[in-house]
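To keep things clear, I will list the structure first and then write my remarks on it.
The values are calculated or read from the model by the stated rules, or taken from the named source; none is laboratory data. Being a predicted model, the structure only gives us computed values, none of them experimental. Here the Cβ is made from the backbone with ideal geometry for all residues, glycine too, and neighbour counts use every protein chain on show.
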Amino acid sequence: MPMREGGVRMKLLKIDNKLGQYLGESGDYVPIDKITKDHLLRLVNLTLANNVEFDEYDDEQIQNQAHQIVYKVYTRNSMAFEKEDRNS
């Protein structure tokens, strides 16, 4: 699932009802604590291949500590991927 119709960037991670969620394969958002290594690899590949976005990490908006950790780690790594890609 690349960029959405009309050139709108795909939102891979979002914060909703104080929970971190990731974009599942079916297009629905799934609680981030349900992520598997295969889902994570899919998100990394989408990040590298597409113009994506995330809700900005805010530990006050995400109350579940597991969600905070996964969300923070993924968004930080994604920013590193983007920075490395720009420098290539």
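Being of a type outside the set (A, V, I, L, M, F, W, C) and touching an Asp or Glu at 6+ places or on another chain (Cβ under 8 Å) is the filter here, so list the residues in segment 40-60 that pass it. So that I can check it myself, show each step before the final result.
Here is the first cut: in segment 40-60, the residues of a type outside the set (A, V, I, L, M, F, W, C) are 42, 45, 47, 50-51, 53, 55-60.
Across segment 40-60, the qualifying residues are 42, 47.
Tell me, which residue of segment 17-49 that is touching a residue at least 12 places away in the same chain (Cβ under 8 Å) and small (Gly, Ala, Ser) is surrounded by the most Cβ atoms within 10 Å (Cβ to Cβ)? I'd like the intermediate steps shown before the answer.
Applying the first criterion (touching a residue at least 12 places away in the same chain (Cβ under 8 Å)) to segment 17-49 yields 18-20, 22-25, 27, 29, 31-33, 35, 39-40, 42-44, 46-49.
After this cut, where a residue has to be small (Gly, Ala, Ser) as well, the list is 20, 24, 27, 49.
On the way: 20: 29, 24: 15, 27: 9, 49: 10.
So, considering only residues that are touching a residue at least 12 places away in the same chain (Cβ under 8 Å) and small (Gly, Ala, Ser), the one surrounded by the most Cβ atoms within 10 Å (Cβ to Cβ) is 20.
Can you find a residue that is modelled with pLDDT under 90, surrounded by 10 or more Cβ atoms within 10 Å (Cβ to Cβ) and not in a loop (DSSP other than H, G, I, E, B) anywhere in segment 7-16?
Looking through segment 7-16, at least one residue is modelled with pLDDT under 90, surrounded by 10 or more Cβ atoms within 10 Å (Cβ to Cβ) and not in a loop (DSSP other than H, G, I, E, B).
Scan segment 46-71 residue by residue and report those that are in a helix (DSSP H, G or I) and out of contact with any Gly (no Cβ under 8 Å at 6 or more places or on another chain).
46, 47, 48, 49, 65, 66, 69, listed by residue number.
Taking residue 87 and the conditions (1) at pLDDT below 85; (2) of a type outside the set (Asp, Glu); (3) within 11 Å of residue 12 (Cα to Cα), which numbered condition does it fall short on, given that it satisfies the others?
Result: residue 87 passes all but (3).
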